[in-house]
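S.K.: Mind looking over this structure? Questions follow.
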Amino acid sequence: MTPSPAPRRLLLGALLGAGALLLSGPAAVADEGLTEESHSRYVLRAKDTEVRVTSTTTIGNVTPDRGLTYYYFTSYSIAVPAGAEDVRATSGGAALPVRLEKTEDPSTRYAVATFAPLRYGHTRTIEWSFDVPGEPVRSKDYTRVGDGFATFAVSGVGDVGRTTVEVVLPASMTFDATSDAFTQERSGKTVTYTATENSDKDGIWAVVSARDPKKADEKVVEAGGTTLTLQSFPGDRKWTGFVAKGLQDGLPVLEDLVGQPWPGGLDTIREDVSPKVLGYAWFDADRDEIVIPEDLDTATLYHELTHAWLNPDRLTGRWLSEGMTEVVAQRAADRTGVTSDPWSTPDRDADVAVPLTAWDAHPGELDEDAEQYGYAASYAVLQKLLGGLDDDAFTAVVSAAQAGESAYERPGSRDENWGRTDWRRFLDLVEERGDVAGAPKVLRTWVLDAEQKAALEPRAAARDAYADLDEADGAWSPPLGLRTAMTDWEFDDAKDVRAALDGAAQGAGQVQAAAAAAGVEVPEPVRAAYEGASDADGYADLATLLPRAAEVTTGVGGAVRAAEADRDPVSGLGAAVLGVDRAAERARDDLSAGDLDDAAERADAALERADAAPWAGAGVVVLVLGAAGGVAALVVRRRRRSRSAAAASAVVEDALEEHVVLPAAGDPEVGGRGADALEPGAREHSL
């Protein structure tokens, strides 16, 4: 923010009988020797192209004479816009000589009035008046006054409680100011905005912006699937064309870089001079508008557009919001081939340097140099952390931060451990999603205070232990309780969870290894139980669940292999009759559903049927051949059956109980249908 120019006061000292001594300077000892009171009034009438200003200033000399030395004032000055015209000063009904002097600010000059010596105990009231015309767009002087718009500085010099600034505007005009101290009161067709609270030690200073929306030039543009209204100063087509092109070129790129579609929440982009005065543009969420300067700065446009995604609703900390927004804007400018002027890295040891979390803690309370340091340092930090990433990794970090994801959840997950991204969560994302080395050191140097730095000490060991566990459990995510503790930086809790898991990660790895060896999918309910465990009971259950799941998975794999094994025609016929494939498939389905006991039982059954398949196939052949030869009677001789034959008979009986069909004589489909070929309850058994 451009600071208000301090009023100049000239303090003269004289020694009686020894001539006069002139002491001059902006401050001298005037703060101790002069009282000040002022009432300033800025009036813009409808259809006027200049602001008319009157100001009444009363000063009093309170510097006592000292012996033969006395002190007096012979001049007093106020700040006026550089283009002010017809500047006059009167006192006691008489005109005072006035001269204008330059200042360091190209938009401001000093009006200096001179008068007879003002001695101790005396006061003088000075009536000032001048007119403020507007300057052309994109000129160095930020004063603008035109049909339906005006931007100009207002000021009033005075002691605390003795300063008033009024701005009178047509009721049709909106009012914005760099100070929140203004109140408003309508009278007929005008509204008076009044400030009585000093903005600094010298009095009140602010830049005001007035607009009549009905008189602004408007253009509706479509870009990136959204429709926006551009409001420019009347006749400033160059600005409108610049913004329209910036939207069409930039919005798709910004969407790609942020990794999220345009979020909406923006209706208008408005041209104003206030951002040029303040040193920053802004996104007004209450009005759904962006306010940017008349300067044709693409990076600034991209920056404010990016705030639709990256803002305090999503990111905790002004340094994080501003820094990340700027690195996105600069990358977008580079991708679209636009020349930009990014912040230079500031001196970390400068007098105004503070940890960026302290810069966050005092918004609007710091002077211009401290504010400039904060913006520059924020960009420097984010550029150090994200600037070296390729576009994919860059977007992965930015998108996750914008979405409030935890670094310990899968990318895109919004179900668990969601929250606004603060410096802790951001650091985790930078290291987990961006694989950036040295990130904690960057935050220690630029961002954190002493207490926050201490929070980093247990983090490294906790992350190493987490990484070891995450490697042991394969492709699965560690249990929810551990992920939550790490997300919340509760590292003691994380240690307790790891102890309670007691080998569960290795068990999870064994389940996945068993599934890979068996050629089956891992049972998702088992995975869900592991990844969702969040309390002592859940951790304890894993001690039995995971070994059992690995064992059953291996068994099911064996059943599947047995069902898929190559067979001779007779064994193939027996396998079909006994429903080996069906039993193996049902075992696989039970495993997928997490029904471990059923899966184990069916896998065992499938293996037993596979072993009995040759006997069952031979029996079917005998039956078929006997029926074809016209055998009328079957003489059964009592013979001692071998153990294999007896076992096969038992398996066949079990298969029959499951409605497996043994083909009838003359069945043309012999060997061609499994147990699932007939409807349950409609199956008959012929021997």
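The values are calculated or read from the model by the stated rules, or taken from the named source; none is laboratory data. Quantities reported herein were computed from a predicted structural model and do not represent experimental measurements. Counting neighbours? That spans all protein chains shown, and the Cβs are built from the backbone with ideal geometry, glycine included. These accessible areas exclude ligands, DNA and RNA; they are computed on the full protein's heavy atoms, side chains included. Shrake-Rupley method; radii C 1.70, N 1.55, O 1.52, S 1.80 Å.
S.K.: Please go through segment 368-399 and pick out each residue that is touching a Lys or Arg at 6+ places or on another chain (Cβ under 9 Å), hydrophobic (A, V, I, L, M, F, W, C) and without any contact (Cβ under 8 Å) to a residue 60 or more places away in the chain.
M.R.: Correct list: 393, 397.
S.K.: Quick one: count up the residues across segment 282-321 that are assigned to a strand (DSSP E or B), open to solvent by 10 Å² or more (accessible area, probe 1.4 Å) and touching a residue at least 12 places away in the same chain (Cβ under 8 Å). Give the derivation first.
M.R.: First, the residues of segment 282-321 that are assigned to a strand (DSSP E or B): 282-284, 289-292, 315.
Of the ones still in play, those that are also open to solvent by 10 Å² or more (accessible area, probe 1.4 Å) are 282-284, 289.
Subsequent filtering for residues that are touching a residue at least 12 places away in the same chain (Cβ under 8 Å) retains 282-283, 289.
Qualifying residue count for the region: 3.
S.K.: Would it be correct to say that residue 461 is at pLDDT 95 or above, at negative phi and open to solvent by 30 Å² or more (accessible area, probe 1.4 Å)?
M.R.: yes
S.K.: Further question: List the number of the failed condition for residue 482; all other conditions in (1) open to solvent by 30 Å² or more (accessible area, probe 1.4 Å); (2) among the aliphatic types (A, V, I, L, M); (3) under 20 Å from residue 528 (Cβ atoms); (4) within 25 Å of the chain's Cα centre (by Cα) hold.
M.R.: Single failed check for residue 482: (1).
S.K.: Here's another thing I want to ask about it. Any idea which of 517, 500, 562 is open to solvent by 70 Å² or more (accessible area, probe 1.4 Å), assigned to a helix (DSSP H, G or I) and of a type in the set (A, V, I, L, M, F, W, C)? Full working, then the answer.
M.R.: Working: 500 fails: open to solvent by 70 Å² or more (accessible area, probe 1.4 Å); 562 fails: open to solvent by 70 Å² or more (accessible area, probe 1.4 Å).
So the residue among 517, 500, 562 that is open to solvent by 70 Å² or more (accessible area, probe 1.4 Å), assigned to a helix (DSSP H, G or I) and of a type in the set (A, V, I, L, M, F, W, C) is 517.
S.K.: Kindly establish whether residue 409 is of a type outside the set (Phe, Trp, Tyr) and either under 26 Å from residue 206 (Cα atoms) or under 16 Å from the mean Cα position of the chain (by Cα) (or both).
M.R.: So residue 409 fails the test.
S.K.: Which condition does residue 359 not pass, out of (1) at pLDDT 95 or above; (2) of a type outside the set (Val, Ile, Thr); (3) surrounded by 24 or more Cβ atoms within 10 Å (Cβ to Cβ), if it passes all the others?
M.R.: (1)
S.K.: Which strands (runs of 3 or more DSSP E) does segment 129-205 wholly contain that include 2 or more residues that are more than 30 Å from residue 240 (Cα to Cα)?
M.R.: So the answer is 149-157, 163-170, 183-187, 190-195.
S.K.: While we're on this one: Can you tell me which residue in segment 209-225 is most open to solvent (accessible area, probe 1.4 Å), limited to those that are outside any loop (DSSP other than H, G, I, E, B) and in contact (Cβ under 8 Å) with a residue 60 or more places away in the chain? Before you say what the answer is, go through the steps one by one.
M.R.: Initial filter on segment 209-225 (outside any loop (DSSP other than H, G, I, E, B)): 209-211, 213-215, 217-223.
Then drop every residue that is not in contact (Cβ under 8 Å) with a residue 60 or more places away in the chain, which leaves 209-211, 214-215.
Working: 209: 2, 210: 3, 211: 15, 214: 190, 215: 78 Å².
Going through the qualifying residues, I end up with 214.
S.K.: Shifting gears a bit: Within segment 322-347, how many residues are touching a helix residue (DSSP H, G or I) at 6+ places or on another chain (Cβ under 8 Å), assigned to a loop (DSSP other than H, G, I, E, B), under 20 Å from residue 384 (Cα atoms) and open to solvent by 60 Å² or more (accessible area, probe 1.4 Å)?
M.R.: Residues that pass the stated criteria total 4.
S.K.: Taking into account only those residues within segment 398-425 that are outside any loop (DSSP other than H, G, I, E, B) and within 22 Å of residue 361 (Cβ to Cβ), which is most open to solvent (accessible area, probe 1.4 Å)?
M.R.: Among them, the one singled out is 424.
Table: residues versus (1) at pLDDT 50 or above; (2) farther than 30 Å from residue 191 by Cβ; (3) within 56 Å of the chain's Cα centre (by Cα); (4) open to solvent by less than 20 Å² (accessible area, probe 1.4 Å).
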site	(1), (2), (3), (4)
41	yes, no, yes, no
65	yes, yes, no, no
86	yes, no, yes, no
98	yes, yes, yes, no
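S.K.: Also, I was wondering about something else. When the residues of segment 67-84 are filtered to those that are modelled with pLDDT of 90 or more and of a type in the set (S, T, N, Q), which remaining residue is surrounded by the fewest Cβ atoms within 10 Å (Cβ to Cβ)?
M.R.: 74
S.K.: Right, here's the next one. Given the criteria open to solvent by 10 Å² or more (accessible area, probe 1.4 Å) and in a loop (DSSP other than H, G, I, E, B), does residue 252 qualify?
M.R.: no
S.K.: Something else about it: Given the conditions (1) aromatic (Phe, Trp, Tyr); (2) farther than 30 Å from residue 380 by Cβ; (3) surrounded by fewer than 16 Cβ atoms within 10 Å (Cβ to Cβ), report the number of the one that residue 476 does not fulfil.
M.R.: Among (1) aromatic (Phe, Trp, Tyr); (2) farther than 30 Å from residue 380 by Cβ; (3) surrounded by fewer than 16 Cβ atoms within 10 Å (Cβ to Cβ), residue 476 violates only (3).
S.K.: How about segment 432-446: which of its residues are open to solvent by 40 Å² or more (accessible area, probe 1.4 Å) and either of a type outside the set (Gly, Ala, Ser) or under 17 Å from residue 323 (Cα atoms) (or both)?
M.R.: Scanning segment 432-446 gives 432, 433, 435, 441, 444, 445.
S.K.: Among the residues of segment 267-281, which ones are open to solvent by 10 Å² or more (accessible area, probe 1.4 Å) and in contact with a Phe, Trp or Tyr (Cβ under 9 Å, 6 or more places away or on another chain)?
M.R.: Correct list: 276, 279, 280.
S.K.: Which pairs turn up if I take residues in segment 594-609 that are under 16 Å from residue 520 (Cβ atoms) and open to solvent by less than 70 Å² (accessible area, probe 1.4 Å) and look for partners that are modelled with pLDDT of 90 or more and part of a loop (DSSP other than H, G, I, E, B) with beta carbon separation below 8 Å, at least 6 apart in sequence or on another chain?
M.R.: Taking only residues 6 or more apart or on different chains, the pairs are 594/523; 596/523.
S.K.: Another question, if that's okay. Tell me which residues, restricted to segment 194-208, are within 30 Å of residue 229 (Cβ to Cβ) and surrounded by fewer than 21 Cβ atoms within 10 Å (Cβ to Cβ). I'd like the intermediate steps shown before the answer.
M.R.: Of the residues in segment 194-208, the ones within 30 Å of residue 229 (Cβ to Cβ) are 206-208.
Across segment 194-208, there are no qualifying residues.
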